[in-house]
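Okay, so here's the structure we're looking at.
The values are calculated or read from the model by the stated rules, or taken from the named source; none is laboratory data. If you're wondering where the values come from, they're calculated on a predicted model, not measured in any experiment. Ideal geometry is used to build each Cβ from the backbone, glycine not excepted, and the neighbour counts take in all protein chains shown. What goes into the accessible areas is simple: the full protein's heavy atoms, side chains included, and nothing from ligands, DNA or RNA. Shrake-Rupley method; radii C 1.70, N 1.55, O 1.52, S 1.80 Å.
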Amino acid sequence: MPDENALVPAPQEVLDQANVQDWEGLLASAAADPIAFWEKEAGELEWSQPWDKVLDDSGAPFYKWFTGARTNIVTNAIDRHLSTARRNKLALIWVGEDTSKVRTFSYFSLNREVEQMANILLSMGVTKGDVVTIYLPRIPEIYFAMLACAKIGAIHSVVFAGYSSEALNARIDDSESRVVITVDGSWINGSVFPMKKIVDDAVRFSPTVENVIVVRNTASEVTMDPTRDHWYHELARLPIAQGHCPTVQVDAEDPLFILYTSGSTGKPKAAVHTHGGYQVHLSSTMKNCLDIHEADRWWCTADPGWITGTSYVIYAPLIRGATTFMAEGSPVYPYPDVWWQLVEHYGINGMFTAPTAIRTLMRFGDAWVTKHDLSTLRILVSAGEPLNPEAWRWFHEVVGQKRCAVIDNWWQTETGAMQITSLPAMPKKPGSAGRPIPGQAVAVLDEAGHEVPAGTDGFLVLKNPWPSMLRTLFKEPDRYVETYWTKYPGVYLTGDSARIDEDGYVWIIGRTDDVIKVSGHRIGTAEVEAAVNSHPAVAECAAIGLPHEVKGNAIHVLAVLNTGYEGSNELVGDIRQHVSQTLSPIAKPDVVEFVDKLPKTRSGKIMRRVLRARALGEDEGDLSTLENG
Ligand code: 6R9
């Protein structure tokens, strides 16, 4: 058990530079009047028309922020910098998996790229409110595409570049996209992953798709359908792509993007995020919680297919006028010091990654890190799953040389931006996610909805609405109310269990629903089970998450076979491969075990809790509803 009272004070260098020195004062004043706090934060941004009201809660839980205001996140992320000296500063530095490939963009040239992409989308008839599906790897064009959609008031739906054609197809169909933006292939550890082929398979069954824009990346062979597919570099040469493209001013509450995420059922749900409140929350957390200054070079390693890559790779740093850095490759390819080499070479000041990457790199030993000069680093950030104290200390001592702020932060696709963290100047507790951000308040409740005493486990809820909150689930308003606002009316149910200690620090335990975090990726047990069940040998199965030293959790599948099939190592391999292909390589089970039957409730629900307890050798708990087992 971590020592919950071990407070690590902020290093002097962090204190000296922190945007927020008086963190206690800021937390207290924001708690006294959250609305005034958010209004002040919003005042730092540009709006073409001011708001009537900061928060309209008359239709709660369908909250509205900055009602009546007009703005566009692109006005704040790009346009407003163009009339200042920032115009010529680097907005984006990109380094390929082959690190000799480098592309850089000033704010001026980023704007040109975004205008070009926006002009092309407009020429295809994309208009305000249309959803555009983006299936691109970590290359600059993914961000040009997102910003281009935002600029013209369209809604982007980024689908993680590792998803299969079936998963992509389901997301394209649900969003009724007419345009898909993709790439010929992506680089993964020196090999090409055929993304265009996956799109071909996905859109074959998508009646809505009229145009597919293909960015050339790996120069691999692809099949182009002349009636549907267009090379991006060829479109870019056409007159339709040229010239300025104005940034459409939208209502603060107009949707900016949808992002599909896993929940308790097999059907992924899409969180809807808007222009106005989202930009305010990003700007505020980037300044107060991550302490990023305009002069900083910031590297968030997250993949754009997940919320961290949407919020903190591109929108937040650009809104703050900083330089954002992105790398195409993995942390261990070709060598386990490639990241540290990049930090040294590009003079990175703030770095945001996930516990799984930290634990992976830790295992290669300190020498890979310490042979590099990492003295530019000031801020080290982690999110996605709990950062265990051992990994926290390694990040602090070996990477940060005890000079940096190590900042864990808890949030979700649904929350859009950070909710719980330790401000840079605040003393840290390794292993704890920290305290609610300025303007937020949290509680841990028991089953009946009562706040539990300090140190007791329970259901984590957010007590205040916040500007970057999801407004609804795309096309599923009832599911939105049911999932987040029904168990405890008036507060937001996170789906996580946690405890709050005597000092107000939050310790996240894990999900209470059927969601597994594997290497920081959010995967639904139902999605894995559907993929396993689609294998001809399988009658039924259950997927559970069990602790894993590096990945946080690993997926274990217990499967009942159809008659006529025998369990064998070959079949295990085949089922694992099947999941990788039909869902995603990230969802490939670590273990597939064959069983005769699965424990079920009398109403027929598989009791994954019992399977987990059995696998861990723990008490199986209340078995009164168990029918067999
Ligand atoms: C940002 C992101 C959300 C779930 C969340 C929780 C887990 C995220 C965490 C953390 C412990 C942290 N989670 N950050 N658990 N400490 N700092 O990851 O969004 O992919 O939607 O996942 O991730 O379980 O509920 P998302």
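Data for the structure
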quantity	calculated
Relative contact order, percent, region 19-69 [alpha-carbon distance under 8 Å, six or more residues apart]	26
Built amide H within the under 5 Å cut-off of residue 55, gap 5+	66
Test item: Cα-centred dipole of region 517-616, Lys/Arg +1 and Asp/Glu -1 on Cβ, debye	620
Cut-off under 5 Å, modelled amide H: who pairs with residue 306 long-range	none
Apportionment of accessible area to carbon and sulfur, region 517-616, percent (1.4 Å)	47
Against the rule of thumb 2.2 N^0.38 Å, how large the Cα Rg of region 303-419 comes out	1.02
Descending semi-axes in Å of region 245-344, equivalent ellipsoid built from Cα gyration tensor	27, 21, 12
Local electrostatic count, residue 413, Cβ distance below 10 Å [Lys/Arg +1, Asp/Glu -1]	+1
With DNA, RNA and ligands ignored, accessible area of residue 471 (1.4 Å probe; Å², nearest 10)	20
Backbone HN-Hα couplings from phi across region 250-265 [Karplus 6.51/-1.76/1.60, Hz, Gly and Pro as x]	10, 5, 3, 8, 5, x, 9, 7, 10, 9, 6, 9, 8, x, 7, 10
Percentage, to the nearest whole number, of Cα pairs in region 517-616 over 19 Å apart	38
Column: log10 I(q)/I(0), Debye, Cα scatterers of the chain, q = 0.10, 0.11 Å⁻¹	-0.91, -1.12
Per residue accessible area of region 476-570, 1.4 Å probe, in Å²	40
Over the chain: helical MRE at 222 nm, DSSP H runs n ≥ 4 each giving -39500 (n - 2.57), nearest 500	-7500 deg cm²/dmol
Sequence of 216, 378, 103 when ordered by accessible area, the most exposed leading, probe 1.4 angstrom	216, 103, 378
Euclidean distance between Cα centres, region 371-401 to region 585-603, Å	36
Area of residue 588 that stays accessible when all protein chains are in place (1.4 Å probe, Å², to 10)	70
Summed residue charge, Cβ within 14 Å of residue 548's Cβ, Lys/Arg positive, Asp/Glu negative	+3
With DNA, RNA and ligands ignored, accessible area of residue 138 (1.4 Å probe; Å², nearest 10)	40
Mean separation of Cα contacts under 8 Å, 6 or more apart, over the residue count of the chain: relative contact order %	14
Debye log10 I(q)/I(0) for region 98-183, one point scatterer per Cα, at q = 0.17 Å⁻¹	-0.70
Gap separating the Cα centres of region 526-567 and region 436-486, nearest whole Å	31
Net charge of Cβ neighbours under 14 Å - reference residue 196; Lys, Arg +1; Asp, Glu -1	-3
Proportion of all alpha-carbon pairs of region 456-543 beyond 20 Å (%)	53
When region 104-242 is reduced to its Cα atoms, the Kirkwood hydrodynamic radius in Å	14.9
In Å, descending, principal axis extents of the Cα set of region 326-376	24, 22, 20
Coil-residue trypsin sites (Lys or Arg not before Pro) of region 232-308, DSSP, other Cβ within 10 Å capped at 14	237
Potential lengthening between residue 123 and residue 21 on full extension [0.36 nm per residue; Cα-Cα distance subtracted]	31.8 nm
Separation of alpha-carbon centers, region 179-239 and region 85-119, rounded to whole Å	22
Given charges at Cβ of Lys, Arg, Asp, Glu: the chain dipole, positive-most of 122, 280, 206	122
Accessible area (Å², per residue) of region 104-242, counting only protein heavy atoms and a probe of 1.4 Å	35
For region 188-252, fraction of C-alpha pairs farther apart than 17 Å, in %	56
Cα centre as origin, Lys/Arg/Asp/Glu Cβ charges: region 1-45 dipole, Debye	80
Exposure ranking of 452, 159 by accessible area [1.4 Å probe, largest first]	452, 159
Over region 517-616, relative contact order from alpha-carbon pairs under 8 Å, at least 6 apart, %	28
Tensor-based shape of region 29-73 (alpha-carbon gyration tensor, a/c under 1.5 rounded, otherwise prolate or oblate)	oblate
Dimensionless Rg over Rh [region 374-513; C-alpha; Kirkwood]	1.01
